[in-house]
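Undergrad: I'd like to ask some things about the structure below.
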Amino acid sequence: MSFTNEAYAGLLADLRHESDQLAEHLDGLAHEQWGLATPAEGWSIHDQVSHLAFFDDAARLALTQPQEFRALAERLMADGMDFPDRIAAQHRVLAHDALLAWFVAARRDLLAAFCDEDPRRRLPWFGPDMSVASSATARLMETWAHGHDIYEALGVQHPPSPGLRSVAHLGVTTFDFSHTLHSLEVPDEPVRVELRSPDGQSWVWGPADAVNRVTGPALDFVLATTQRRHWTQTGTGYHRAGRITLARHRPGIRRGADAQCGARGLATTSVQCTLISRKAGVTVDFSEPVEYHHLRDAIRAITDKYGCAYFAERAAAHEPTTELWQDLAHHGFIGINLPEEYGGGGAGMSELAIVCEETAALTGARCFSYLSRAPSLVSC
């Protein structure tokens with residue numbers, strides 16, 4: 001997205017709109033509502049707002065006094081990368097009206113500073129330097145994401161956001177950065193992203209003939225890339241040349257200032273069998289690779305929707321658990337160990353075992369049921 005003056009003005013208008021909506025919902029909250037727990041573990045509405053206010057001031061410092069900002073960033077990171085948690089704890093003594101006034105003033109001053117800037121100018125942050133336009137987009141993304149947590153805590157609908165496309169764009173354009181952050185090789189193959197906006201428009205990135213594709217509702221994509229939903233709980237899918245793929249996101253957005261280190265991108269890694277060296281004299285590490293942890297999380301996100309009551313109802317009615325198997329198949333976990341040329345996932349027995357273990361979490365019968373559906377085991 002190249003930022004013309006008109007596009008940059010539109011971005012700032014979207015940020016202002018998202019900010020005003022959030023401030024309106026915060027204004028008039030009862031005392032006890034500020035202490036409501038949000039989806040970010042250990043964080044209340046009060047903590048979410050102090051986080052936004054603090055890093056608004058930090059972003060304005062980066063704009064106006066970059067050397068002072070670098071000194072601040074070094075001090076914060078020197079004591080550990082949990083500094084967002086420490087900042088939240090330090091500001092819990094603030095009265096709620098003082099906190100709201102701080103957030104409103106910090107956002108107003110930041111918007112004013114953005115207005116006078118060249119969107120292409122580079123500034124420092126807690127990670128790589130970024131452009132002014134990227135900084136503004138990241139503040140929009142942070143406001144949307146932390147605001148979403150606040151709206152969920154209050155039990156109200158997140159108001160429609162005209163800035164949703166900008167947040168989605170940030171998730172797309174940081175694809176390479178997110179791979180690098182996780183020490184993953186950046187794929188050579190291009191990725192096509194096709195999203196449906198809330199009003200039915202089509203938002204696309206990447207070459208039309210790309211085999212690798214991310215598709216689905218724009219809102220679901222943003223919920224996934226901001227870590228508000230696991231990708232298997234959304235209508236967003238990733239299709240990579242017949243290979244089962246998991247989505248991985250940068251950690252810590254719920255609490256992290258690193259959202260503006262280039263923001264969140266959608267990182268992907270194929271589900272592949274990891275071989276462990278068995279040479280004589282070598283200590284064998286039997287701990288699971290991180291890819292297996294993500295595989296387990298992805299399967300649990302599906303199976304958690306089918307509790308004991310579901311199986312009891314099916315058993316009483318003498319009906320198969322069709323919905324569960326269709327759900328697993330929809331996400332590519334049926335035939336995970338079969339070769340790709342036969343329509344499988346191209347993974348191995350370790351991945352199949354993980355699928356069996358996780359689908360057997362509620363009742364052991366499910367494991368044997370899965371095994372009966374895995375043709376490659378017949379000859380074992």
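The values are calculated or read from the model by the stated rules, or taken from the named source; none is laboratory data. Nothing here was measured: the structure is a model prediction, and the numbers come from that model. Here the Cβ is made from the backbone with ideal geometry for all residues, glycine too, and neighbour counts use every protein chain on show.
Undergrad: Which residue, of L52, L63, is within 17 Å of V132 (Cβ to Cβ), in the same structural domain as L111 (by TED's automatic domain parsing) and touching a residue at least 12 places away in the same chain (Cβ under 8 Å)?
TA: On the way: L52 fails: within 17 Å of V132 (Cβ to Cβ).
None of the others qualify; the one that does is L63.
Undergrad: Which count do you get for residues in the range 10-31 that are exposed (fewer than 15 other Cβ atoms within 10 Å of the Cβ) and more than 27 Å from the chain's Cα centre (by Cα)? Quick ask: steps written out before the conclusion?
TA: Filtering the range 10-31 down to residues exposed (fewer than 15 other Cβ atoms within 10 Å of the Cβ) leaves 13, 20, 24, 27-28, 30-31.
Those left that are additionally more than 27 Å from the chain's Cα centre (by Cα): 27-28, 30-31.
Adding up the residues that qualify gives 4.
Undergrad: Among L99, L140, L52, which is the only one that is in contact with a Gly (Cβ under 7 Å, 6 or more places away or on another chain), part of a helix (DSSP H, G or I) and of a type outside the set (D, E, K, R)? Give the steps one after another, and end with the answer.
TA: Values: L99 fails: in contact with a Gly (Cβ under 7 Å, 6 or more places away or on another chain); L52 fails: in contact with a Gly (Cβ under 7 Å, 6 or more places away or on another chain).
The match here is L140.
Undergrad: Can you name every residue in the range 109-131 that is surrounded by fewer than 22 Cβ atoms within 10 Å (Cβ to Cβ) and part of a helix (DSSP H, G or I)?
TA: Within the range 109-131, D109, L111, A112, A113, C115 qualify.
Undergrad: Now for a different question. On the basis of being modelled with pLDDT of 85 or more and either under 15 Å from the mean Cα position of the chain (by Cα) or not assigned by TED's automatic domain parsing to the domain that holds A13 (or both), does G171 make the cut?
TA: yes
Undergrad: Is it true that D47 is within 27 Å of H158 (Cα to Cα) and of a type in the set (D, E)? So that I can check it myself, show each step before the final result.
TA: Numbers: within 27 Å of H158 (Cα to Cα): yes; of a type in the set (D, E): yes.
Judged against the criteria, D47 is a match.
Undergrad: Pull up the range 326-346, narrow it to residues that are more than 25 Å from Y306 (Cα to Cα) and of a type in the set (G, A, S), then point me to the one that is surrounded by the most Cβ atoms within 10 Å (Cβ to Cβ). Quick ask: steps written out before the conclusion?
TA: Just the residues of the range 326-346 that are more than 25 Å from Y306 (Cα to Cα), to begin with: 338-343, 346.
Checking the rest, the ones that are also of a type in the set (G, A, S) come to 343, 346.
Details: G343: 10, G346: 22.
Out of the qualifying residues, it is G346.
Undergrad: While we're here: Quick check on this structure: which one of V132, V156 is in contact with an Asp or Glu (Cβ under 7 Å, 6 or more places away or on another chain) and either of a type in the set (V, I, T) or not assigned by TED's automatic domain parsing to the domain that holds E18 (or both)?
TA: V132
Undergrad: Looking at the range 349-371, can you tell me whether even one residue there is in a helix (DSSP H, G or I), among the hydroxyl-bearing types (S, T, Y), outside the structural domain of T225 (by TED's automatic domain parsing) and at pLDDT below 50?
TA: Narrowing the range 349-371 to residues in a helix (DSSP H, G or I): 349-359, 364-371.
Subsequent filtering for residues that are among the hydroxyl-bearing types (S, T, Y) retains 350, 359, 369-370.
Checking which are outside the structural domain of T225 (by TED's automatic domain parsing) leaves us with 350, 359, 369-370.
Still in the running and at pLDDT below 50: 369-370.
Looking for residues that are in a helix (DSSP H, G or I), among the hydroxyl-bearing types (S, T, Y), outside the structural domain of T225 (by TED's automatic domain parsing) and at pLDDT below 50, one finds at least one in the range 349-371, hence yes.
Undergrad: So, one more: Kindly indicate whether any position in the range 59-81 is surrounded by fewer than 18 Cβ atoms within 10 Å (Cβ to Cβ) and closer than 21 Å to D149 by Cβ.
TA: There is at least one residue in the range 59-81 that is surrounded by fewer than 18 Cβ atoms within 10 Å (Cβ to Cβ) and closer than 21 Å to D149 by Cβ.
Undergrad: Among what's in the range 190-239 and is modelled with pLDDT of 85 or more and among the charged types (D, E, K, R), pick the residue that is surrounded by the most Cβ atoms within 10 Å (Cβ to Cβ).
TA: D220
Undergrad: Here are some conditions: (1) over 25 Å from L184 (Cβ atoms); (2) loosely packed, with under 15 Cβ neighbours inside 10 Å; (3) within 23 Å of the chain's Cα centre (by Cα). E323 meets all but one. Which one does it not meet?
TA: That leaves (3) as the condition not met.
Undergrad: Among residues belonging to the range 28-67 that are farther than 24 Å from A98 by Cβ and in contact with a helix residue (DSSP H, G or I) (Cβ under 7 Å, 6 or more places away or on another chain), point out the one that is modelled with the lowest pLDDT.
TA: From the range 28-67, those farther than 24 Å from A98 by Cβ are 39, 41, 62-63, 65-67; that's our starting set.
Filter once more, keeping what is in contact with a helix residue (DSSP H, G or I) (Cβ under 7 Å, 6 or more places away or on another chain): 39, 62-63.
Working: P39: 90, A62: 97, L63: 97.
Per the stated criteria, the residue is P39.
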